[in-house]
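**Student:** Structure provided below as structure tokens; questions to follow.
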Amino acid sequence: MKHAILGAGGVGGLIGACLAKSGALVTMVLRPESLAHYPAQLQLESPFGNFSVPVARAVEVPPADVLWIAVKATQLDAALTSFTKPDSVTAIVPLLNGIDHLALLRARYGDARVIAATIAVETERVAPGHIIHRSPFATLNMSSAGRTLLGSTLDDLQKMGFACRFIDHEPTLMWSKLVFLAAFALSTTASGKTTGEILADPTWRQLGLSCIREASAVANAEGAKIDADAVIAAVLKMPGNMRSSMQKDVEQGKTPELDAIAGPILRGAARHGIDVPATKKLVVVVEQRAGYSPSLL
């Protein structure tokens with residue numbers, strides 16, 4: 001199959017490298033100013049193996065069976081200017097953080113081709129084409145439409161080491177990640193700590209776990225089926241050295257995905273009259289650290 005990767009960062013690089021290693025034809029879609037300096041091979045360091053694989057490079061999305069969108073939520077509108085021939089792509093798999101991007105993509109490209117999906121992983125681009133996959137896991141969650149449209153691609157990714165799960169209740173699929181991610185991203189970014197350091201600190205631990213309960217309440221009011229206790233149990237088993245991409249973005253002076261990650265919780269809480277004090281407290285600290293403006297609150 002032919003795959004195009006829009007977003008050559010940690011997630012896009014990991015997906016691209018693993019697909020190319022499995023024998024698929026992979027094209028990394030790059031900004032024009034990045035094309036000349038982007039290597040012809042992806043280098044991956046991962047629990048799945050350390051290897052380099054050749055990939056094609058382009059500034060526009062080429063004809064493909066699957067377009068994987070792995071840009072930051074803050075970069076989505078700009079990135080889509082390279083998607084000039086949408087009829088040449090069969091399936092679109094967005095792996096952005098948040099929820100709101102699904103409606104935007106479906107309004108532009110049609111419901112049938114846009115597959116609801118999320119990814120759970122810690123992976124980072126440390127240089128153009130050089131990806132370090134840091135977490136011991138990489139989990140793809142998507143609707144069963146993904147199994148139909150992607151076919152053997154998912155088998156290939158599972159052989160590489162990915163776990164794939166299929167969840168047909170879309171609110172549950174999308175909110176399951178956001179409930180976890182909001183607490184993880186906001187608490188690590190606000191504190192500057194790793195997951196293990198947060199859980200060892202009573203104050204930060206309480207804020208993070210309260211954020212999970214608040215986000216779960218909003219998610220369920222929005223139609224999802226989220227068990228806050230199950231999310232907390234999973235968080236308590238996380239590797240202690242994990243850091244969020246939002247945390248790294250703020251440390252590097254980049255604009256964080258605050259609206260994509262915290263925005264749905266805050267807006268949903270306002271719609272349903274749910275109090276979310278821990279989430280709001282974390283958002284304030286992140287905004288202060290990042291110089292984020294305007295405030296979400």
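The values are calculated or read from the model by the stated rules, or taken from the named source; none is laboratory data. Bear in mind the structure is a predicted one, so any value in this text is a computation, not a measurement. So basically every Cβ, Gly included, is an ideal-geometry build from the backbone, and we count neighbours across all protein chains shown. These accessible areas exclude ligands, DNA and RNA; they are computed on the full protein's heavy atoms, side chains included. Shrake-Rupley method; radii C 1.70, N 1.55, O 1.52, S 1.80 Å.
**Student:** Could you tell me whether any residue of the range 250-259 is surrounded by 15 or more Cβ atoms within 10 Å (Cβ to Cβ), touching a helix residue (DSSP H, G or I) at 6+ places or on another chain (Cβ under 9 Å) and without any contact (Cβ under 8 Å) to a residue 24 or more places away in the chain?
**Tutor:** Within the range 250-259 (the criterion being surrounded by 15 or more Cβ atoms within 10 Å (Cβ to Cβ), touching a helix residue (DSSP H, G or I) at 6+ places or on another chain (Cβ under 9 Å) and without any contact (Cβ under 8 Å) to a residue 24 or more places away in the chain), the answer is no, since none of the residues qualifies.
**Student:** Considering only the range 227-244, how many residues are open to solvent by 50 Å² or more (accessible area, probe 1.4 Å), assigned to a helix (DSSP H, G or I) and either at pLDDT 95 or above or over 15 Å from Glu197 (Cβ atoms) (or both)?
**Tutor:** Number satisfying all stated conditions: 3.
**Student:** State yes or no: is Thr188 within 17 Å of Ile261 (Cβ to Cβ) and open to solvent by less than 40 Å² (accessible area, probe 1.4 Å)?
**Tutor:** yes
**Student:** Sort through Pro39, Pro47, Pro63 and tell me the only one that's in contact (Cβ under 8 Å) with a residue 60 or more places away in the chain and closer than 22 Å to Gly151 by Cα.
**Tutor:** Of Pro39, Pro47, Pro63, the one residue that is in contact (Cβ under 8 Å) with a residue 60 or more places away in the chain and closer than 22 Å to Gly151 by Cα is Pro63.
**Student:** Tell me whether the range 193-206 contains one or more residues that are crowded, with 21+ Cβ neighbours inside 10 Å and either within 25 Å of Val250 (Cβ to Cβ) or touching a Lys or Arg at 6+ places or on another chain (Cβ under 6 Å) (or both).
**Tutor:** Yes; the residues of the range 193-206 include at least one that is crowded, with 21+ Cβ neighbours inside 10 Å and either within 25 Å of Val250 (Cβ to Cβ) or touching a Lys or Arg at 6+ places or on another chain (Cβ under 6 Å) (or both).
**Student:** Counting only residues that are closer than 23 Å to Glu251 by Cβ and touching a helix residue (DSSP H, G or I) at 6+ places or on another chain (Cβ under 6 Å), how many does the range 268-294 have?
**Tutor:** Residues in the range 268-294 being closer than 23 Å to Glu251 by Cβ and touching a helix residue (DSSP H, G or I) at 6+ places or on another chain (Cβ under 6 Å): 9 in total.
**Student:** A further question follows. Any residue in the range 254-277 that is more than 22 Å from His101 (Cα to Cα), assigned to a loop (DSSP other than H, G, I, E, B) and touching a Leu at 6+ places or on another chain (Cβ under 9 Å)?
**Tutor:** yes
**Student:** Any residue that is closer than 19 Å to Thr279 by Cβ, part of a helix (DSSP H, G or I) and in contact (Cβ under 8 Å) with a residue 12 or more places away in the chain - is there at least one of those in the range 192-203?
**Tutor:** yes
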